[in-house]
Protein chains: 2
Amino acid sequence: MTTMIQRKIRNPEQTRSDLLDAAYSEILESGFQAASLERILANTSVSKGALYHHFGTKRDLGLAVIEEVIGPQLEGRWFNMLAQHSDPISGLLKLIEEKIASADESVIRYGCPLNNLIQEMSPLDESFRQSLQKIIESWVEVVAEALKEGQASGKVRADTAPQDIALFIVASIEGCVGLGKNAQSVAAYQRCLEQLKVYIQSLAA
Amino acid sequence: MTTMIQRKIRNPEQTRSDLLDAAYSEILESGFQAASLERILANTSVSKGALYHHFGTKRDLGLAVIEEVIGPQLEGRWFNMLAQHSDPISGLLKLIEEKIASADESVIRYGCPLNNLIQEMSPLDESFRQSLQKIIESWVEVVAEALKEGQASGKVRADTAPQDIALFIVASIEGCVGLGKNAQSVAAYQRCLEQLKVYIQSLAA
DNA sequence: GAAGATACCGACTAAGCGGTATCTTGTCAA
DNA sequence: TTGACAAGATACCGCTTAGTCGGTATCTTC
């Protein structure tokens with residue numbers, strides 16, 4: 001009944017991964033709710049049937065993007081950087097400096113994928129919120145742990161609360177990205193991060 | 001041809017204001033793109049015809065919400081508070097403390113209306129971006145001016161850049177709200193703001 | 001090589017969307 | 001009192017949306 005022009009060779013994992021990538025881009029550009037499955041499909045060569053074979057609903061696709069694309073992206077980088085510095089202050093400064101150096105149009109245009117989804121989805125869908133929260137928590141935890149070790153080795157002021165400071169640092173970063181994004185200004189983003197550096201330096205013992 | 005059950009008395013300004021209020025709530029809950037005109041109308045007793053009499057498009061309605069509801073809400077408060085303190089540090093601390101004290105479920109649930117719209121709309125619609133940017137700029141400006149005056153009167157450290165610091169403070173606040181919102185935790189929000197207080201205190205001469 | 005499972009295809013559906021057209025009614029100035 | 005216009009009402013339109021379904025092609029297993 002219908003003409004069948006299918007892919008000759010099959011590669012389910014590739015198909016799934018293509019969908020995740022395309023969905024990630026679409027969500028980054030439009031947000032989750034305004035993300036269009038038709039557009040995602042148009043940017044891959046995947047059919048609607050294949051999509052719904054791999055993901056039960058649009059929601060499932062979105063959650064998979066968070067857990068399998070956004071999460072790993074963020075955690076790996078921070079974990080590694082802080083692991084290879086014995087002094088957490090240097091490690092944090094290095095990470096911020098890296099952000100300042102690599103700041104470009106696309107960061108300023110789309111902002112932080114994590115923050116975007118938090119602002120849009122966390123009040124609307126509890127599963128999204130929890131998924132995003134897991135990432136935030138492990139991010140904060142990595143920073144807090146580094147600060148604690150720094151306190152133990154006498155490199156970070158002892159009269160501070162690592163957990164709270166870590167939370168504030170993460171919050172500030174998201175804030176800087178958000179403001180830079182709205183100003184459409186790489187310079188504003190960088191100036192904002194420079195102030196965060198000042199704050200971080202003030203944590204040194 | 002059509003049955004006409006209309007409002008007996010007319011009050012165009014009230015109608016317009018009702019629409020703005022209902023649109024504000026709907027946008028706060030669902031974001032702009034997912035905000036439904038039908039739902040907005042259902043929450044007022046206004047007809048679609050009346051809506052489109054007052055606002056040309058959904059976009060126009062959104063822009064009016066930003067300029068006539070969100071903007072004034074924010075600016076008034078910060079301007080007044082900083083005006084009545086000769087010491088900007090005290091003024092800022094007072095504002096943060098007020099935020100900490102008045103933190104409740106609804107702040108944590110919906111977050112900052114301004115930040116929500118920035119993350120969602122600024123990459124998608126240049127008019128939205130500019131409208132939001134005007135608010136951010138005047139917010140940053142109020143803080144920066146207060147800091148400058150503080151420097152002049154010797155209450156704020158002279159070796160700092162008021163404009164950059166103001167930017168960072170605003171960014172941090174948005175970040176704190178955003179993280180508190182995702183954690184669904186008033187306590188986390190408050191802890192985050194407490195750290196901002198520490199930073200602000202460090203600006204004193 | 002047959003059978004069963006997995007992967008994939010694309011036309012279709014129902015609902016919701018923003019927006020429009022055409023109408024009536026309230027208001028107020030002349 | 002009446003004419004003009006602002007304000008409001010409602011039915012309707014075209015379009016997009018997420019999701020479904022019957023069917024087919026490929027792969028794996030025995």
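Derivation of every value follows stated rules applied to the coordinates shown; laboratory data play no part. What you are looking at is a predicted structure, and each value in this text was computed from that prediction instead of being measured. FYI the Cβ positions are ideal-geometry reconstructions off the backbone, even for glycines, and counts take in every protein chain you see.
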Worksheet item: Where does helix B:12-30 land angle-wise versus the long Cα axis of chain B, in degrees 0 to 90, nearest 10?
Response: 60 degrees
Response to the item:
Taking placed amide H atoms and a strict 5 Å upper bound, the residues 5 or more places from B:Ala205 or on another chain that come that close are B:Val156, B:Arg157
Worksheet entry | the range A:62-205 shape via C-alpha gyration tensor axes, a/c threshold 1.5 | oblate
Worksheet item: Among A:Ala34, A:Ala144, A:Ala22, which one moves the most in a GNM of chain A with springs linking Cα atoms closer than 10 Å?
Response: A:Ala34
Fill in: trypsin sites (Lys or Arg not before Pro) restricted to the range B:1-100 and DSSP loop, no more than 10 other C-beta within 10 Å
B:Lys8, B:Arg10
Worksheet item: Helix A:126-152 versus the longest principal axis of chain A: what angle, 0 to 90°, nearest 10, using Cα atoms?
Response: 30 degrees
Worksheet entry | Per-copy distances of the A:Gln73 label point, shortest first, in nm (7 angstrom along Cα→Cβ) | 3.0
Discussion item. When the expected Rg is taken as 2.2 N^0.38 Å, what fraction or multiple of it is the alpha-carbon Rg of the protein assembly as shown?
Written reply: 1.08
Item to complete: Give the chain B residue with the shortest beta-carbon distance to the rotation axis relating chain B to chain A, plus that distance as a whole number of Å.
Response: B:Gly175, 2
Worksheet item: Given the convex hull of the Cα atoms of the range A:11-56, what is a quarter of its surface area in nm²?
Response: 2.9 nm²
Item to complete: Measure nothing fancy, just the Cα-based angle from helix A:88-101's long axis to the longest principal axis of chain A, in degrees from 0 to 90, nearest 10.
Response: 50 degrees
Practice prompt. Quick one: among A:Asn43, A:Asn11, A:Asn116, which has the greatest mean-square fluctuation in a GNM of chain A with alpha-carbon springs under 10 angstrom?
Written response: A:Asn11
Practice prompt. Kindly point out, ordered by number, any Cys in the protein assembly as shown whose beta-carbon has no other cysteine beta-carbon under 4.7 Å away.
Written response: A:Cys112, B:Cys112
Practice prompt. Would you kindly work out, in nm and rounded to one decimal, the distances from the label point of A:Asp87 to those of the same position in each other copy, ordered shortest first, with label points 7 Å along Cα-to-Cβ?
Written response: 3.4
Item to complete: For A:Ser138, go 7 angstrom from Cα along the Cα-to-Cβ vector, then report the distances to that same point in the other copies in nm, smallest first.
Response: 4.4
Response to the item:
Listed by chain and number, the aspartates and glutamates with an alpha carbon less than 18 angstrom from that of A:Lys148, same-chain partners under 8 positions apart left out, are A:Asp87, A:Glu137, A:Asp159, A:Asp164
Worksheet item: In the structure shown, do any of A:Lys94/A:Lys197; B:Lys134/B:Lys197; A:Lys99/A:Lys197; B:Lys58/B:Lys134; B:Lys58/B:Lys181; A:Lys99/B:Lys134 have a Cα-Cα gap over 18 Å, and if so which?
Response: B:Lys134/B:Lys197; B:Lys58/B:Lys134; B:Lys58/B:Lys181; A:Lys99/B:Lys134
